[in-house]
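Q: Below are the structure tokens for one structure; questions will follow.
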Amino acid sequence: MKSPELLNPHEILRKEINFLKYPFFALSTKNLSKIQIVEFRQVHQQGDEKLEILWRVIPHPKFGYPGPIARKIHTLIDWRLSQMPLPVSNPVQLDTTYGLCKRLGLPANGDSYKRIELAIRQTTMTTIESRTTYWHKNKKRFMNDVFRLYDRFVRKGEDLDEGTIADTNYIYLNSWYIE
């Protein structure tokens, strides 16, 4: 299986449009520890109706806001999802932490392992409040909700739901993201 950095530029990488359109991951580490909430608001006129758009990202106070490493890991997850047949289901197999280091261009050492685990925790613990941003195709309406992108992270050697031991790292995605 090819890694994302070796993708042909003409290959399709499925991405959730809201994570391309609205802020979630910080693009640099500058002032990253100071970010408490990122909020995007807009009023959109649709015919006679005014729609208030809200996208609020609230990081966990202990783990902080997801930064560049978290964004790269999520890109790897999106790439992995693009390789899977639809419909996608949980859990989604990642890679070993050593493999993630190699894919991210990080040295395979304890510091990098800690940075990767922190980045995944940051994404898992960050809450999104969404109003009029997610369109539910089946229900044919905008969804208003508070949720997280990842529901769970299982490391190699830990228990998976079905009682087996994880042979590598796995991520459980939020039901909306899976959809």
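Q: Pairs of alpha-carbon atoms within less than 8 angstrom and 6+ residues apart define the contacts here; what relative contact order does the chain have, in percent? Walk me through the numbers on the way to the answer.
A: Values: 290 pairs, mean separation 38.1, N = 179.
With pairs under 8 Å counted, the relative contact order is 21 percent.
Q: Okay, next question. Among 99, 110, 67, which one shows the highest mean-square fluctuation when the chain is modelled as a Gaussian network with alpha-carbon springs under 10 Å?
A: Of 99, 110, 67, the Gaussian network model singles out 110 as fluctuating most.
Q: Could you size up the charge dipole of the chain around its Cα centre, putting +1 on the beta carbon of Lys and Arg and -1 on that of Asp and Glu, and report it in debye to the nearest 20? Can you show the working numbers first?
A: Working: 27 positive and 20 negative charges, 105 e Å.
In total the dipole reaches around 500 debye.
Q: Moving on. Select from 177, 79, 29 the residue farthest towards the positive end of the dipole of the chain; place +1 on Cβ of Lys and Arg, -1 on Cβ of Asp and Glu, and compute about the Cα centre.
A: The residue sitting most towards the positive pole is 29.
Q: Rank 119, 68, 88 by how far each Cα sits towards the positive end of the charge dipole of the range 59-179 (+1 on Lys, Arg Cβ; -1 on Asp, Glu Cβ) and give me just the farthest.
A: 68
Q: Can you give me the long-range amide H partners of residue 152? Hydrogens built in the peptide plane at 1.01 Å from N, cutoff under 5 Å, separation of 5 or more residues or another chain.
A: Sorted by chain and number, the residues that satisfy this are 172.
Q: P(r) of the chain in 5 Å steps, Cα pairs, percent per bin?
A: In whole percents, the pair-distance histogram is 1, 7, 15, 19, 20, 16, 11, 6, 2, 1, 0, 0.
Q: Could you look at the range 91-179 and say what percent of its accessible area is carbon and sulfur, using a 1.4 Å probe and all protein chains? Don't skip to the end; give the middle numbers.
A: On the way: 2250 of 4700 Å².
Accessible surface attributable to carbon and sulfur in the range 91-179 totals 48 percent.
Q: Just report the Cα centroid separation between the range 108-143 and the range 38-61, whole Å.
A: If we compute the Cα centre of each part, the gap is 18 Å.
Q: Using the Cα centre of the range 85-154 as the reference point, and only Cβ charges (+1 on K/R, -1 on D/E), how large is the resulting charge dipole? Debye, rounded to the nearest 20.
A: Values: 12 positive and 6 negative charges, 67 e Å.
Value, rounded to 20: 320 debye.
Q: Just the accessible area per residue of the range 36-179, please: how many Å² with a 1.4 Å probe? Spell out each step's value before the answer.
A: Numbers: 7940 Å² over 144 residues.
Value returned for the range 36-179: 55 Å² of accessible area per residue.
The values are calculated or read from the model by the stated rules, or taken from the named source; none is laboratory data. From a predicted model like this one, the values you see are computed outputs, not experimental measurements. Cβ atoms come from the backbone with ideal geometry, glycine included; neighbour counts cover every protein chain shown. Surface accessibility is based on the protein's heavy atoms, side chains included, excluding ligands, DNA and RNA. Shrake-Rupley method; radii C 1.70, N 1.55, O 1.52, S 1.80 Å.
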